[in-house]
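Heads up, the thing below is written out as structure tokens.
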Amino acid sequence: MSTVNAQRPSITVSSLDLDRLYSVIENAPRTALPYVEALETELARASVVEPEQMPADVATMNSVVRYRDLSTQQEHRVTLVYPQHLATTENGISVLAPVGSALLGLRVGQSIHWQVPGGHLIELELLGLDYQPEAAGEYHR
């Protein structure tokens, strides 16, 4: 599974999220391999900042985000979570899911083309953040 390189916007990830995401990657089951590889590719190209320096319009871990699927024009509101928190988070989406990996690090107003299992492309636009831990002063959540 690969992403479409030509149409990927720049992304930003906090150093804390990066450390935790690499731990998720190391401990992911083999069945998650294609999802892990997609996330690794994204993390390798991300700009990394300290949590206190995170712009308030970037989708970070534990952010409540609103996005639009541009192929269907449907809007969604989800919380971007680590896989282990999926079961306990209402409207949670795992960072290992294709949509979760695609949204991580996007700024409000950016869109991204993302290849999902089965080979088709999705295009997502980040519409807004209803909550971002860093903007709320929660730097070490």
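Odds and ends about this structure:
- Residues of the chain: accessible area per residue with a 1.4 Å probe, Å²: 49 Å²
- Positive-end extreme of charge dipole, the stretch 12-136 - chosen from 65, 44, 76 (charges on Cβ): 76
- Summed side-chain charge close to residue 58 - residues other than residue 58 whose Cβ falls under 9 Å, Lys, Arg +1, Asp, Glu -1: -1
- For the peptides 78-88, 116-126, the ranking by packing is 78-88, 116-126, with the highest mean count of neighbouring Cβ atoms within 10 Å listed first.
- Efficiency of FRET between residue 88 and residue 41 - r from beta-carbon atoms, R0 22 angstrom, step 0.05: 0.20
- For the chain, with all protein chains in place and a probe radius of 1.4 Å, 48% of the accessible heavy-atom surface sits on carbon or sulfur.
The values are calculated or read from the model by the stated rules, or taken from the named source; none is laboratory data. For clarity, every value in this text was computed on a predicted model and none was experimentally measured. Cβ: placed from backbone, ideal geometry, glycine included. Neighbour counts: every protein chain shown. All accessible areas refer to the heavy atoms of the entire protein, side chains included, with ligands and DNA or RNA removed. Shrake-Rupley method; radii C 1.70, N 1.55, O 1.52, S 1.80 Å.
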